[in-house]
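What follows is calculated from the coordinates using simple rules that are stated; it is not laboratory data. The structure displayed is predicted, hence computed values, not measured ones. Positions of Cβ are generated from backbone atoms using ideal geometry, with glycine treated the same way; all protein chains shown enter the neighbour counts.
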Amino acid sequence: MKVIFMCTANSCRSVLCEAMFNHIAPAGMQAFSTGSQPKGQIHPMSLKTLEKAGISTQGLYSKGNEALADLQPDFVITVCDNAAGEACPIYFGSAHKAHWGLADPSDCDESEAQMVAAFDATLVQIRRRLEAFMALPFAELDREQLNAQMARIGQL
């Protein structure tokens, strides 16, 4: 199973999702992240947050949708409000699509401690959603039921 987490900049939320998914996923499941307008670099606090949580950052980089054009994902999950309104590229085909909106932790312009707390809280929320996703009885759900469960997870 292949999952793409899509955001606009591919520097925070989608990258955190990719890394956490690959950290906890069982064999046969793999995540990727992409952005419709990638910044070209991952936010430094994203990397620090992952490293602090003991999650590998190896191989992570900010990339656009075209970098995954040949992937043929099973799921495409948008994680920021900007990407939610955008059409997924046609080459993502018949993938299940869901929106799991997350507040942008890099928008925290208070203190560094508050930004750290925002990134930590985002990672906790991501893990909760991913654990719910991985617990789904995929083989027992038809497309409509699976899409409903994906929407439900986006509300966690």
### Query
How big is D, in µm² s⁻¹, for the chain by Stokes-Einstein at 4 °C and 1.567 mPa s if Rh is the Kirkwood radius over C-alpha pairs?
83
### Message
Can you tally the net charge around residue 149? Count Lys and Arg as +1, Asp and Glu as -1, for every other residue whose Cβ sits under 12 Å from the Cβ of residue 149.
### Response
0
### Message
I need the helices of the chain that pass two filters: whole DSSP H segments spanning 30 Å or more by Cα along the axis, and mean Kyte-Doolittle score no lower than -1.0.
### Response
112-134
### Query
Along the Cα-to-C-beta direction of residue 110, a point sits 7 Å from the Cα; which residues of segment 34-73 have their amide N less than 14 Å from that point?
none
## Note on the structure
Out of 111, 33, 58 - ranked by how far each Cα lies towards the positive end of the dipole of the chain, with unit charges on the beta-carbon of charged residues - the top one is 58
### Task
Excluding residues fewer than 8 places away in the same chain, name every one of the aspartates and glutamates whose C-alpha is closer than 12 Å to that of residue 48.
120
### Summary
Quick calc, residue 2 & residue 145: beta-carbon distance into FRET formula, R0 22 Å, rounding 0.05, result 0.60
### Message
Only Cα pairs within less than 10 Å get springs; with that Gaussian network setup on the chain, which residue of 44, 73, 105 has the largest fluctuation?
### Response
44
### Query
Among 138-149, 111-122, 26-37, what's the highest-first ranking by average C-beta atoms within 10 angstrom per residue?
26-37, 111-122, 138-149
